[in-house]
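Note sheet for the following structure.
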Amino acid sequence: MKIKYRLLPVEPYEVSALETWLSDLSAQGLYLLEIKTIYASFWVKEPKRMIYRMEPKKYRKEDFPTQDKLRLYKEYGWKYVTTFGEYFHIYTAEEGTPEIHTDPIVESELYHVFLPKKNYALYLDVALWVFLLALYVFDPVTLGTYQLVHSEYFFALAMPLVCILEIFISSRRIYGLWRVYKQLALGIPFSHDSNWRGKVRLRHFGYFLCKALALIFFFLPFWNPAEYTERPMEKIHSPLPFVSLAEIEDDPNFVPDSSYIQHDKRPDGTTINSWERDAKVVYFESSIGAPVQFSINQHGRTASRTDENGKPYEATLWLDYKKFSFLVSPQSYMEECIVRSRYTPENGWTKTILDDTPFDYALLLQKDDRTVFYMILGNKMLEADYIGGQDLTQCCDLFLKVLQKDYHR
């Protein structure tokens, strides 16, 4: 026997519309076999209009009606068809068969299963998505500015939309079931005839809209006006606004290196691993949050000078330039970076907001011989991550020249 499949035109809690839809399909020769959340399967037989009734399950985990109920319903002309998830048992009968329920108030008792004390899962679902949305909004690590700047668009754009959509869908489900219960409890008979065709257009529109958004969010991370690239300094022909490490050191004996050994460390200062890293390399990036981004890693040494441990003096500078779009606040992005990088007093960092500077906002973070200097001017930000013996606050004029230039790659 042939089987056909159809998408549900309405939501599972729209009882009247779903019953009418099943009856209309039977008149076309499609008889319900099984029903899921978004689709149903049908036997293909000779057309004959049947009527369908959806009765709430007594318990959420009640997979089948009791044998006594099946025998009783069969005596009155009703045949059990299938169970609809955690919601309903579905019965069918020929047109003209007396209704299963004739007393609205008695019938309303069946809908107690959807009230909080009986079916807490419906309400926990809403609470879960509200919690996830609140976590996203109030957690500075997931605010979205960092993701917009670094092309992690799903978390920045899709995550809140997914939460809001789930809250809306779950809330509608609860309200729809509660409304049916309230109507019956007031003694108002439940209508089993509804115009589902008007609702199917709205459902299909929502379905295709969500599908289009899903495709956009899927391909968005692959879209970059200027893709990520790495280029040696000597191969860059256009003027690049940056501060060289040699300028900061201001020492004629300072010699830049082409590479150096970097030691990755934990917050407590212990070394995780060591590896060779290129210096004098420019890293370009672009995103909808920051269309212009580049960073330059520099390293060098002064052989005639020693550090506090008696070793030849070495210095490292990671200079990061960003020009933000209107979607991102430079200060919000900076605060998120601080949280992500754990530049906190608990990890030994001191934080100083500098007032007497030529920038709109300047923040200095220090720990041992390492300094992180954030400078914001308009929609541009410069981050100088420095390991060495110089005072970066004495180099503000050098950094200001970089931020004053309107660089376009």
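The values are calculated or read from the model by the stated rules, or taken from the named source; none is laboratory data. Since we're looking at a predicted model, the values are computed, not measured. Using ideal geometry, Cβ is built from the backbone for each residue, glycine included, and neighbour counts are taken over all protein chains shown. These area figures cover heavy atoms from the full protein model, side chains too; ligands, DNA and RNA do not enter into them. Shrake-Rupley method; radii C 1.70, N 1.55, O 1.52, S 1.80 Å.
If we keep just the residues of segment 249-276 that are more than 35 Å from the chain's Cα centre (by Cα) and either among the small types (Gly, Ala, Ser) or at pLDDT below 85 (or both), which is surrounded by the most Cβ atoms within 10 Å (Cβ to Cβ)?
TYR260
Checking THR306 against (1) more than 21 Å from PHE242 (Cβ to Cβ); (2) open to solvent by less than 70 Å² (accessible area, probe 1.4 Å); (3) not basic (Lys, Arg): exactly one of these is not met. Which one?
If we test THR306 against (1) more than 21 Å from PHE242 (Cβ to Cβ); (2) open to solvent by less than 70 Å² (accessible area, probe 1.4 Å); (3) not basic (Lys, Arg), just (2) comes out false.
When you scan segment 229-248, do you find a residue that is open to solvent by 90 Å² or more (accessible area, probe 1.4 Å), under 29 Å from VAL281 (Cα atoms), modelled with pLDDT under 70 and not in a helix (DSSP H, G or I), even just one?
Among the residues of segment 229-248, at least one is open to solvent by 90 Å² or more (accessible area, probe 1.4 Å), under 29 Å from VAL281 (Cα atoms), modelled with pLDDT under 70 and not in a helix (DSSP H, G or I), which makes the answer yes.
Would a scan of segment 73-83 turn up a residue that is hydroxyl-bearing (Ser, Thr, Tyr) and at pLDDT below 85?
no
Within segment 363-379, can one find any residue that is aliphatic (A, V, I, L, M) and out of contact with any Phe, Trp or Tyr (no Cβ under 7 Å at 6 or more places or on another chain)?
Applying the first criterion (aliphatic (A, V, I, L, M)) to segment 363-379 yields 363-365, 372, 375-377.
So of that shortlist, the ones also out of contact with any Phe, Trp or Tyr (no Cβ under 7 Å at 6 or more places or on another chain) come out as none.
Within segment 363-379, not a single residue is aliphatic (A, V, I, L, M) and out of contact with any Phe, Trp or Tyr (no Cβ under 7 Å at 6 or more places or on another chain).
What strands (runs of 3 or more DSSP E), lying completely within segment 304-409, carry at least 1 residues that are touching a Cys at 6+ places or on another chain (Cβ under 9 Å)?
Here the list reads 361-367, 370-377, 380-387.
Which condition number in (1) out of contact with any strand residue (DSSP E or B) (no Cβ under 9 Å at 6 or more places or on another chain); (2) assigned to a loop (DSSP other than H, G, I, E, B) is the one that VAL106 fails?
(2)
Using the structure shown, decide if TYR80 is more than 40 Å from the chain's Cα centre (by Cα) and either assigned to a strand (DSSP E or B) or under 16 Å from ARG6 (Cβ atoms) (or both).
Considered against the rule, which asks whether it is more than 40 Å from the chain's Cα centre (by Cα) and either assigned to a strand (DSSP E or B) or under 16 Å from ARG6 (Cβ atoms) (or both), TYR80 comes out as yes.
Where residues in segment 56-70 are over 25 Å from GLU95 (Cβ atoms) and under 40 Å from the mean Cα position of the chain (by Cα), which of them is surrounded by the fewest Cβ atoms within 10 Å (Cβ to Cβ)?
LYS61
Kindly indicate which of TYR111, TYR13, TYR91, TYR73 is open to solvent by less than 30 Å² (accessible area, probe 1.4 Å), of a type outside the set (Asp, Glu), outside any strand (DSSP E or B) and more than 27 Å from PHE168 (Cα to Cα).
Details: TYR111 fails: more than 27 Å from PHE168 (Cα to Cα); TYR13 fails: more than 27 Å from PHE168 (Cα to Cα); TYR91 fails: outside any strand (DSSP E or B).
One residue alone meets the criteria, TYR73.
Of all helices (runs of 4 or more DSSP H) completely enclosed by segment 115-228, which ones contain at least 3 residues that are at pLDDT 75 or above?
In segment 115-228, 120-138, 145-149, 159-185 are the helices (runs of 4 or more DSSP H) which contain 3 or more residues that are at pLDDT 75 or above.
Please pick out the residue among GLU86, GLU46, GLU99 that is in a loop (DSSP other than H, G, I, E, B), of a type in the set (Asp, Glu), closer than 19 Å to ILE169 by Cβ and open to solvent by 30 Å² or more (accessible area, probe 1.4 Å).
Testing whether each residue is in a loop (DSSP other than H, G, I, E, B), of a type in the set (Asp, Glu), closer than 19 Å to ILE169 by Cβ and open to solvent by 30 Å² or more (accessible area, probe 1.4 Å) leaves just GLU86.
Would you check which residues across segment 278-303 are part of a loop (DSSP other than H, G, I, E, B) and either open to solvent by less than 50 Å² (accessible area, probe 1.4 Å) or farther than 20 Å from ALA384 by Cα (or both) and list them?
ALA279, SER286, SER287, ILE288, GLY289, ALA290
Going through segment 114-138 one residue at a time, which ones are surrounded by 12 or more Cβ atoms within 10 Å (Cβ to Cβ), over 30 Å from SER332 (Cα atoms) and in contact with a helix residue (DSSP H, G or I) (Cβ under 9 Å, 6 or more places away or on another chain)?
The answer is PHE114, LEU115, LYS118, ASN119, LEU122, TYR123, ASP125.
Of all the residues that make up segment 58-71, how many are modelled with pLDDT of 85 or more and of a type in the set (Lys, Arg)?
Here the count works out to 2.
Find all pairs meeting these conditions: Cβ atoms under 7 angstrom apart; at least six residues apart or on different chains; first residue within segment 320-338 and open to solvent by 50 Å² or more (accessible area, probe 1.4 Å); second residue of a type outside the set (Val, Ile, Thr).
What qualifies is LEU327/LEU148; LEU327/GLY289; GLN331/TYR361; GLU335/PRO140.
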